[in-house]
Amino acid sequence: MRTVVGMLLASTLLWGAGCGYYVVGTGPKVPATARSISIALFDNLSREDGLEVHLRRALEDEFRRHGALTVTGSGGDLLLDGRIDRVSTAAVTRIGRDQAVEYQGMIFLKVTLKERATGRVVFSSGIQETQDFGVVSGVVVASSPRFQRGLINPRDLPNLTSAQLTESRRTTALEQLLDTLAHDVYIQAMEGF
């Protein structure tokens with residue numbers, strides 16, 4: 001009986017050691033010696049001026065929020081860089097043929113995480129996110145959390161032209177997409193998901 005219990009205990013311990021659990025921020029891709037990260041200004045191949053600055057800020061905020069690595073201006077143990085390949089906006093819902101009431105924004109990034117000392121690529125991937133946003137005051141849900149994080153006061157909706165509302169909602173959607181992409185980059189590069 002003792003032998004069976006001993007074998008069960010040993011097999012449980014061995015199974016637990018290889019179960020795949022690990023401390024967040026020290027996933028299978030990140031070197032155990034890494035303590036800091038530098039985030040480069042990504043190349044911006046899109047027509048959206050300044051998007052690379054907003055992306056870097058979102059990435060720095062995301063890495064700071066998790067706290068597994070110290071974010072440094074330069075000289076970090078790891079270097080995160082990449083490029084913004086595409087940004088697009090397309091109508092997804094229309095009234096008739098002429099009036100778009102909802103658009104979808106899309107951003108596609110190419111991301112590389114390197115170990116600075118060796119130049120070894122730790123992680124490299126293309127990451128894409130999309131987000132829908134309404135552009136007609138009757139379609140915009142002013143009480144939604146996404147809308148409330150934006151810059152438009154709900155009382156101003158009836159007074160905005162269609163072009164003003166569309167551009168404001170598009171700008172807000174792109175900012176939210178950058179936050180989502182920053183989270184995706186962290187999760188995929190640092191935690192291996």
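Summary of values
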| read-out | value |
| --- | --- |
| Full-stretch length increase - D49, Q104 - with 0.36 nm per residue and alpha-carbon distance subtracted | 17.9 nm |
| Area accessible to solvent at H66, 1.4 Å probe radius, in Å² | 70 Å² |
| Accessible area, probe 1.4 Å, largest first, for residues S38, S124 | S124, S38 |
| Additional length obtainable on full extension of the chain from I187 to E167, 0.36 nm per residue less Cα span | 4.2 nm |
| Exposure rank, largest accessible area first [T171, T166; 1.4 Å] | T171, T166 |
| Cα gyration tensor shape for the stretch 66-110, rounded if a/c is under 1.5, else prolate or oblate | prolate |
| Extent along principal axes [Cα atoms of the stretch 23-139; Å; largest to smallest] | 59, 28, 23 |
| Residue list for the stretch 56-77, given a label point 7 angstrom along the Cα-to-Cβ vector of R120 and an amide N cut-off under 17 Å | 77 |
| Built amide H within the under 5 Å cut-off of S36, gap 5+ | T70, D77, L78 |
| Rounded to whole Hz, the Karplus (6.51, -1.76, 1.60) HN-Hα couplings of the stretch 168-179, x for glycine and proline | 5, 5, 5, 4, 4, 4, 5, 4, 5, 4, 5, 5 |
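The values are calculated or read from the model by the stated rules, or taken from the named source; none is laboratory data. Every value quoted in this text rests on a predicted model; they were computed, and no experiment measured them. Positions of Cβ are backbone-derived with ideal geometry, glycine not excepted, and every protein chain shown enters the neighbour counts. Note: areas computed on protein heavy atoms with side chains; ligands, DNA, RNA excluded. Shrake-Rupley method; radii C 1.70, N 1.55, O 1.52, S 1.80 Å.
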